Protein chains: 2
Amino acid sequence: MRWACLVGGTGSNLRALIDDSAPIKLVISHKAGVGALQIAHAAGIAQVVITARQYPTREHYDEALLRVLRDNGIEALVLAGFLRLLTDRVVDAYAGRAINVHPSLLPAFPGLHAVRQALEYGVRVTGVSVHLVDRGLDSGPIIFQEAVPIRPGDTDETLSTRIHEVEHRILPEAVRLLDSHRLDVSGRQVVIREA
Amino acid sequence: MRWACLVGGTGSNLRALIDDSAPIKLVISHKAGVGALQIAHAAGIAQVVITARQYPTREHYDEALLRVLRDNGIEALVLAGFLRLLTDRVVDAYAGRAINVHPSLLPAFPGLHAVRQALEYGVRVTGVSVHLVDRGLDSGPIIFQEAVPIRPGDTDETLSTRIHEVEHRILPEAVRLLDSHRLDVSGRQVVIREA
């Protein structure tokens, strides 16, 4: 399948995907000048920046996004640092073919600043979730989760570093499974088919 | 400290506490005839049954509970299978000296049937939380958490078995820490002091 990676930050997950030979044909950022765009450029992947200020509403934004995706024949999406909630129109267009990575063990700590949320709650274990995108906020069927224990004295930075290591390992694996049609989704349950 | 264990089920956590020589002086059940009462009896621990039908309201129930606790000089509580939400009066009387065990990685899946909730959500990792009791539902400061990965084909029963094994290990350890005044609580953060 032809994949687009939606980004907005440093692009460390994009780099992990590229290192894993994920079939990323297009990188779309909601922010100009971010590291993810440089990584895409260095890897020879087409880049598009669509900033919020270009569009009066989320619906207009997502219409433009959808046009770019279709013009490029994109069949599947991987969200990695794209800090915008997609409208139902985009979600529905890529239902079952859009993956998000989130730095917590969902359903705990959805939304922004999940690592900080976990530290403030005082949990002893957090982790990473890779899930299919549905219409809710970080609420779709879960493909992979991996626990990351919190250590005494952990800060947002030290904990984020260990969480990113897990992300870089399990996000490319999930993309590979979906790309090779090995994910069977039934309701909220995702079953991984043997190769 | 003199501890009471509040129960309502098979009593497997009570047994783990007794095996760990926890200073349980009293077992209170909200249900008659449960396994936990037999375990208490066999261990020579005093038992009291207080059923909901004896009292018109939760406030009346908890008044009776508090009277029993005070009459027995109870200084700390451990909730293990006690399926009733305590009123603020009891919670406040034992603030910082009441421990609950919950079969999920809180804040995910609070309340009843946490194992079933996790299976229905489709998470890949759940676990056990041991926490101080506050006025909310399974919302108090966390002492220990341990992850339990979900395996393909897991049922409520197979998963509960692995979760109970973790509970039986970490609940007695938490009781021992609180009993020896080694838990420093600051807001939501629980720091374990070295012995």
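Report, by residue number, each residue of the stretch B:89-102 that is away from every other protein chain (no Cβ under 14 Å) and of a type outside the set (Phe, Trp, Tyr). Break it down into steps so the answer makes sense when it comes.
First, the residues of the stretch B:89-102 that are away from every other protein chain (no Cβ under 14 Å): B:89-100.
Result: B:Arg89, B:Val90, B:Val91, B:Asp92, B:Ala93, B:Ala95, B:Gly96, B:Arg97, B:Ala98, B:Ile99, B:Asn100.
Looking at the structure I just gave you, is A:Pro152 in contact with a helix residue (DSSP H, G or I) (Cβ under 8 Å, 6 or more places away or on another chain), in the same structural domain as A:Asp184 (by TED's automatic domain parsing) and not hydrophobic (A, V, I, L, M, F, W, C)?
Spelling it out, it is not the case that A:Pro152 is in contact with a helix residue (DSSP H, G or I) (Cβ under 8 Å, 6 or more places away or on another chain), in the same structural domain as A:Asp184 (by TED's automatic domain parsing) and not hydrophobic (A, V, I, L, M, F, W, C).
A quick yes/no check of all residues on (1) more than 20 Å from A:Val123 (Cα to Cα); (2) touching a strand residue (DSSP E or B) at 6+ places or on another chain (Cβ under 9 Å); (3) basic (Lys, Arg); (4) in a loop (DSSP other than H, G, I, E, B):
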residue	(1), (2), (3), (4)
B:Ser129	no, yes, no, no
B:Gly140	no, yes, no, yes
B:Arg151	yes, no, yes, yes
B:Val175	no, yes, no, no
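Filter the stretch A:137-168 down to residues that are within 14 Å of another protein chain (Cβ to nearest Cβ) and in contact (Cβ under 8 Å) with a residue 60 or more places away in the chain, then give me how many there are.
So the answer is 1.
Right, B:Glu157: assigned to a helix (DSSP H, G or I) and of a type outside the set (Ser, Thr, Tyr) or not?
It is true that B:Glu157 is assigned to a helix (DSSP H, G or I) and of a type outside the set (Ser, Thr, Tyr).
Name the one entry in B:Leu106, B:Leu77, B:Leu86, B:Leu69 that is within 18 Å of the chain's Cα centre (by Cα), at pLDDT 95 or above and not assigned by TED's automatic domain parsing to the domain that holds B:Val34.
The match here is B:Leu106.
I'd like the full set of residues that are buried (at least 16 other Cβ atoms within 10 Å of the Cβ) and either more than 15 Å from B:Val101 (Cα to Cα) or not charged (D, E, K, R) (or both), limited to the stretch B:161-176.
B:Ile163, B:His164, B:Val166, B:His168, B:Ile170, B:Leu171, B:Pro172, B:Ala174, B:Val175
Kindly establish whether A:Gly111 is free of Cβ contacts under 8 Å to residues at least 40 places away in the same chain and closer than 26 Å to A:Ser186 by Cα.
It is true that A:Gly111 is free of Cβ contacts under 8 Å to residues at least 40 places away in the same chain and closer than 26 Å to A:Ser186 by Cα.
Can you give me the number of residues within the stretch B:7-50 that are under 14 Å from B:Gly81 (Cβ atoms), assigned to a loop (DSSP other than H, G, I, E, B) and either under 14 Å from the mean Cα position of the chain (by Cα) or at pLDDT below 95 (or both)?
So the answer is 5.
Check A:Arg53 against each of (1) within 18 Å of the chain's Cα centre (by Cα); (2) part of a helix (DSSP H, G or I) and name the one condition it does not meet.
(1)
Which one of B:Asp88, B:Asp62 is surrounded by fewer than 15 Cβ atoms within 10 Å (Cβ to Cβ) and within 20 Å of B:Asp134 (Cα to Cα)?
B:Asp88
Of all the residues that make up the stretch A:109-123, how many are surrounded by 24 or more Cβ atoms within 10 Å (Cβ to Cβ) and outside any helix (DSSP H, G or I)?
Total meeting the criteria: 2.
Within 14 Å of chain B (Cβ to nearest Cβ), free of Cβ contacts under 8 Å to residues at least 12 places away in the same chain, within 15 Å of B:Val123 (Cβ to Cβ) and not charged (D, E, K, R): is that true of A:Val191 in this structure?
For A:Val191, the condition - within 14 Å of chain B (Cβ to nearest Cβ), free of Cβ contacts under 8 Å to residues at least 12 places away in the same chain, within 15 Å of B:Val123 (Cβ to Cβ) and not charged (D, E, K, R) - is met.
Within the stretch B:111-123, is there a residue that is within 14 Å of another protein chain (Cβ to nearest Cβ) and among the charged types (D, E, K, R)?
Within the stretch B:111-123, the first condition is being within 14 Å of another protein chain (Cβ to nearest Cβ), and the residues that meet it are B:111, B:114, B:116-123.
Going one step further and asking which of them are among the charged types (D, E, K, R), we end up with B:116, B:120.
Yes, some residue in the stretch B:111-123 is within 14 Å of another protein chain (Cβ to nearest Cβ) and among the charged types (D, E, K, R).
The values are calculated or read from the model by the stated rules, or taken from the named source; none is laboratory data. From a predicted model like this one, the values you see are computed outputs, not experimental measurements. Every residue, glycine among them, receives a Cβ derived from its backbone with ideal geometry; neighbour counts consider all protein chains shown.
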